[in-house]
Amino acid sequence: MNFLYITFYIAMIIISAALGIYNLLFALYSKRAKNELIIAIPQSLEKLLIINMFISFGSVIIILFFILRLIL
Amino acid sequence: MLNDYQIIKRIEDSPPFNTRERILLRKRQHWFIIIMPVFFSIVVAVFVTLILYYLFVLKISQVGLFMSSMPVVFLMTSSIIAKIIVDWHCHFYILTTNRILEVCYKPLFSNYINNIILNQVKSTEIDIEKTGIINQLLDIGNVIITFDRPTHQEEFRLMNIKDPKEIGFLMSDVLDIEKPDMMDAPIWYKSKNEEHRFRITEEIFPGHSFGVA
C-alpha cells in the first residue's frame, strides 16, 4: 500500500513542479509581450502568477515532507 | 498584370509614414465571454476537491494524500483561470484612420496579428449580427467586414464585442471613403543589391529607365 501512496506523492510532485515551471514561463512570456507588443497584462494577474510559483515551490516541499514521513 | 503606365519605385523613395494616423476605436471581446469558462473551472475544482476529500479522508483516512493533492488542484485551477483572462486581455481590435488591426497574443502558445491597410482594400459588405438571449440583453455581437481579394482573407471578424451596431456604423463611415485607383499607384519594392537596384523593372520592361519619379 505504501508503494501506491509514494507513487501518488511522486506524481503530485511532478505535476506541481511542472505547473510552477509553466507559471514561470507564462510570466516571462507575458513580460515579453509587454516589451515587444506593448500589451501589459493586469498587475493582479502578474501577482497571481508569482503566487502560483510560490505555492508550487511550497507544495513540492510539503509533499516531500509527507514522503519522508511515510518512508522513515 | 502590370500596365505600361505603372511606375515601380524603391521603398526608400516612398512617402514617409502617415503621422496623422489616429486611433478611432480599441475594443476587446465582452467580459461576459470569460465568465462561463472561469465559472466552469471553479465548479470542476470544487467537485474534484469533494471527490478527493471523500476518497482520501472519509474512505481511507489518509489526510496526507488529501493535503498534498490540494495545492495541485488549486495550482491547476488558478493557472487555467489566469490563462483564460490573459488570452482575453491580449486579444483586441484596433481601428485607426489607416488600418484595422486584430492582435491575438497568447503568451507561450500563439501570436497572431492581422493588419489590414484600408487604402489597399475595398470593403464590399459590413454585417452586424447579434444572436441569443444573453447577447441581446448584454448587447454583444459580431461585426463582419467582407473585403475584396487582395487581403487573401476575405472576411475580417470582430467577435463578441459590445455595441456591435455602433461599431458597425463607425466602420461603415471609415471604410466608405474615396480610395485611389490601386492600379495607378506605384508599386514599391525593397532593393537589396545596390548595383542591380532596378532589376525587377528591367526584367519587366527591358531597355526602359524606370525607378525615379
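All of the numbers you see were taken from the coordinates with simple rules; none came from a lab. Every value quoted in this text rests on a predicted model; they were computed, and no experiment measured them. So basically every Cβ, Gly included, is an ideal-geometry build from the backbone, and we count neighbours across all protein chains shown.
Structure values in brief
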| read-out | value |
| --- | --- |
| Label-to-label distance, nm, for residues given as B:PHE74 and A:ASN35 (7 Å Cα→Cβ offset) | 3.2 |
| Average beta carbon contacts from partner chains per residue of B:29-42, 10 Å cutoff | 0 |
| 10 Å Cβ neighbours from other chains, averaged over peptide B:71-84 | 6 |
| Choice from A:LEU24, A:LEU37, A:LEU48 showing the highest fluctuation, given a GNM over chain A with Cα pairs closer than 10 Å | A:LEU37 |
| Under-5 Å amide H pairs with B:GLN62, H placed in peptide plane, nonlocal only | B:VAL57 |
| Sites B:ASP163 and B:LEU58 - FRET efficiency at Förster radius 41 Å, r taken between beta-carbons, to 0.05 | 0.20 |
| Set B:LYS130/B:LYS162; B:LYS27/B:LYS165; B:LYS83/B:LYS130; B:LYS27/B:LYS83; A:LYS34/B:LYS162 screened for pairs whose C-alpha atoms are more than 22 Å apart | B:LYS83/B:LYS130; A:LYS34/B:LYS162 |
| Spatial separation of Cα centroids for the range A:31-72 and the range B:70-115, in angstrom | 19 |
